Amino acid sequence: MAKVKCALIGSGNIGTDLIYKLKRSDVLEPVWMVGIDPASEGLARARDMGLKTTAEGVDGLAPHVAADGVQIAFDATSAYVHAENSRKLNALGVMMVDLTPAAIGPLCVPPVNLRQHTAKLEMNVNMISCAGQATIPIVYAVSRIQPVDYAEIVASLASKSVGPGTRANLDEFTYTTSNAICVVGGARTGKALAIINPAEPPMIMRNTIYCLTDDEPDAARIGESIRAMIGEVQKYVPGYKLVNGPIFDGKRVAVFLEVAGLGDYLPRYAGNLDIMTAAATRTAEMFAEEILSGAIRPQATEAA
Amino acid sequence: MSEHYVLNGRKIVLHDMTLRDGMHAKREQISVDQMVAIATALDDAGVPLLQVTHGAGLGGNSLQHGRALHSNEDYISAVASRMKQARVSVLLIPGLGTMKELQSAYDCGARAVHCATHCTEADTAPQHIAYARKLGMDTAGFLMMAHLNSPKGIAEQGKLMESYGANVVYVTDSAGYMLPEDVKARVGALRDALKPETEIGFHGHHNLGLAIANSQTAIEFGATRIDASLAGLGAGAGNAPLEVFAAVCDRMGIVTGADLFKLMDAAEDLVLPMMDHLVRVDRSSLTLGFAGVYSTFLLHAKRAAERFGVPARDILVELGRKKMIGGQEDMIEDTAMTMAKERGLAVEEQATG
């Protein structure tokens, strides 16, 4: 069966983990990895896994897009360079799945709103952040039952699973995730907290979600909604697990989750890496299915 | 009378924590009027720096860390506008607080900042430290839970913070776990590694009754900034009690510039009467110091103990075993629930009362 050809931009943890995910896909095929450092381990690993590579950034990929039939690109670089990467590749008709906190395209959390985006043929969708992917489904699961005035999420990440890009730009993570809690999660206001824990052996990613509902929470319906949502996320992240809760304290709903990864590139503790790459892969697959069926055809867009 | 003490004549800078770390001990419920009264007394007593924010710093107002009576901006503005000589500082923990909040604090009159990271994660603060320096703030890199990194590791992390622009690097004994020997090794390693003009600070907690002795040791090995709070008001068994520390400094001939009797009066007349519980070494705070647990976890663990029926001491020991660090307050409730289930206790979905 034909597959949609993909390029990975950024040769760090996320880009490398994506190679594993895409290689398992029925509809996606990773063909290029783009880096900026010829000596990077990530590029060497990609070559070993059969991908073409360039250390010249997106400009090194652009001349090959048409000949190699690249239709989808995943950007795992940084918020600062994403806009330029997206502009260049959109102009060549390549759809962008953005894994940086740049968030220039619509925000996507697969079990919440992916179908809306595929229906509209977005040329750039943003995956928010690992914490956003892990927690926003739960915020939405509460807000679809009754109005949520405020949602707050706390993500604890193993130090070894957090790359230099995220570390140096924690504020972008905070802003993007806080905003998405409202825009996608449906809370009126939102706040995101991140903690990086260096414990050995590394701790599995943990997420806590607090929601403040306008009225007394309907415990039975909210519990049912949350459990159903966890089932949806488990379809693409099997290690997504409820540890405690939901518990109710006045208008506060609290849910305590653990996210174990598949252990593709980084070990299983790095659920943060996995949920991001798995969500991006699922997103790209939905687009790819539409492309392969002929329902949508990515078009070159004029540079904005 | 102090001529024969080795630290005689040494000059240090006192940094008051009553109105920041003390917020933890007050469950973030200090009023603006109380803050102004205490800050004014500290200013009058000659304390040059005093920290004013939510206990968890900028961005701290949250369900995770509790909601303060007022916004950080309200507290900072009210205090800063009334200071004659003292400068107001803030706490900023990247991942919780942001540069936008730092700018806002600066606009309200804050002129110094503790940029805090866990003791192995200094590289989460480069933007914030650089931003603070750009604003012209006195900028400290604040390495929390410093007992969880080796002296060599602390020196490496301190050098990173220095490279981002920090003009002070702190050894922060968040768990009140360190012994004077531990302080000596870490402060000494920093002093050897950092530029001569980069100052070293020490922030102690009194969970093992050692905050004063540890602060003195820090000075002996090169620290010039010491955090302390009136009557020790702070997380766990509190910080180094400022008035006690000032008295010890006087005896040793260490120059602080502060008026000891005024500090004593402020501690006794202003801070002691507003304590919700006596801040002291008790069974739970001693457990923090003994097990190396983040001091702020104390009151959260007591609340979880009440709700889920697992003793606070057991919860704290388990948190220490799981190597939970500052900021993971959600894991206290989570751990208490898991322990309750393991012990066959019923975990009620709904809180009562």
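Bear in mind that the values in this text are calculations on the coordinates, not laboratory data. These figures come from a predicted structure and were not determined experimentally. Glycine also receives a Cβ, built like all others from the backbone with ideal geometry; neighbour counts cover every protein chain displayed.
Taking the DSSP bridge list for the range A:130-269 and keeping only pairs wholly inside it, about 70 percent are antiparallel.
Per the Cα gyration tensor, chain A maps to an equivalent ellipsoid with semi-axes of 32, 21, 17 Å, ordered largest to smallest.
Counted as membrane-span-like here are DSSP H helices of chain A whose alpha-carbon atoms extend 18 Å or more along the helix's own axis and whose Kyte-Doolittle mean is -0.5 or above; these are A:130-143, A:170-183, A:219-234, A:271-292. Can you bin the protein assembly as shown into rounded, prolate or oblate? Criterion: square roots of the alpha carbon gyration tensor eigenvalues sorted a ≥ b ≥ c, rounded for a/c under 1.5, prolate for a/b above b/c, oblate for the rest. In terms of gyration-tensor shape, prolate.
Among the lysines of chain A, pairs that are 8 or more positions apart or on different chains and have alpha carbons within less than 16 Å of each other number 7.
What average count of beta carbons from other chains do you get within 10 Å of the Cβ of residues in B:328-338?
That works out to 6 on average.
Can you tell me the mean projection area, over all orientations, of the convex hull of the range B:13-274's alpha carbons? Units nm², please. With the hull built on Cα positions only, its mean projection is 11.6 nm².
Between residue B:347 and residue B:8, the distance separating the two model label sites (each 7 Å from Cα on the Cα→Cβ line) works out to 6.2 nm. When each of B:290, B:308, B:245, B:297 is scored by the number of other beta-carbon atoms lying within 10 Å, the sequence from fewest to most is B:290, B:308, B:245, B:297.
The residue among B:241, B:202, B:166 whose Cα reaches farthest toward the positive pole of the charge dipole of the range B:157-253, with charges on the beta-carbon of Lys, Arg, Asp and Glu, is B:166.
Under a 5 Å amide H cut-off, with hydrogens placed 1.01 Å from N, residue A:240 pairs with A:260 among residues at least 5 apart or on other chains.
Hey, got the average number of other protein chain Cβ atoms within 10 angstrom for residues in A:163-172?
Average neighbour count from other chains, rounded to a whole number: 5.
Within the range B:160-180, what residues put their amide N at less than 20 Å from the label point 7 Å along the Cα-to-Cβ vector of residue A:168? Output list for this probe position: B:160-166. For peptide B:120-126, the mean count of partner chain Cβ atoms within 10 Å of a residue's Cβ comes to 5.
Taking 0.36 nm per residue of sequence separation and subtracting the Cα-Cα distance, how much length would be gained by fully extending the chain between residue A:121 and residue A:293, in nm to one decimal?
Details: separation 172, 0.36 × 172 = 61.92 nm, distance 1.35 nm.
In short, 60.6 nm is gained.
Dipole check for chain A: with +1 at the C-beta of Lys and Arg, -1 at the C-beta of Asp and Glu, and the Cα centre as origin, the magnitude is about 400 Debye. So in chain B, what percent of DSSP beta bridges are antiparallel if you round to the nearest 5? Among the beta bridges of chain B, antiparallel pairing accounts for roughly 5 percent. The alpha carbon centroids of the range B:319-353 and the range B:71-109 are separated by 33 Å.
Dipole check for the range B:296-342: with +1 at the C-beta of Lys and Arg, -1 at the C-beta of Asp and Glu, and the Cα centre as origin, the magnitude is about 140 Debye. Summary of packing: across the peptides B:214-225, A:272-283, B:190-201, A:248-259, the per-residue average of other C-beta atoms within 10 Å ranks them, highest first, as A:272-283, B:214-225, A:248-259, B:190-201.
Computed over the range A:15-144, the percent of Cα pairs more than 25 Å apart is 26.
For the pair the range A:71-104 / the range B:180-224, the C-alpha centres are spaced 47 Å from each other. Taking the Cα centre of the protein assembly as shown as reference, the dipole from Cβ charges on Lys and Arg (+1) and Asp and Glu (-1) amounts to some 880 debye. Inverting the pair-averaged 1/r between distinct Cα atoms of the range B:1-64 gives 13.6 Å as its Kirkwood hydrodynamic radius. Quantify how much of the Cα-Cα distance distribution of the range B:1-116 extends past 19 Å, in percent. Across the range B:1-116, Cα pairs with separations above 19 Å total 44 percent.
Remark: B:5, B:75 ranked as B:5, B:75, counting other beta-carbon atoms within 10 Å and listing the fewest first. Dipole orientation for the range A:130-269: of the candidates A:259, A:230, A:169, A:259 has the Cα lying most toward the positive pole (charges on Cβ; Lys, Arg +1; Asp, Glu -1). Of all beta bridges that DSSP places with both ends in the protein assembly as shown, some 25 percent have antiparallel geometry. When each of B:108, A:211 is scored by the number of other beta-carbon atoms lying within 10 Å, the sequence from fewest to most is B:108, A:211.
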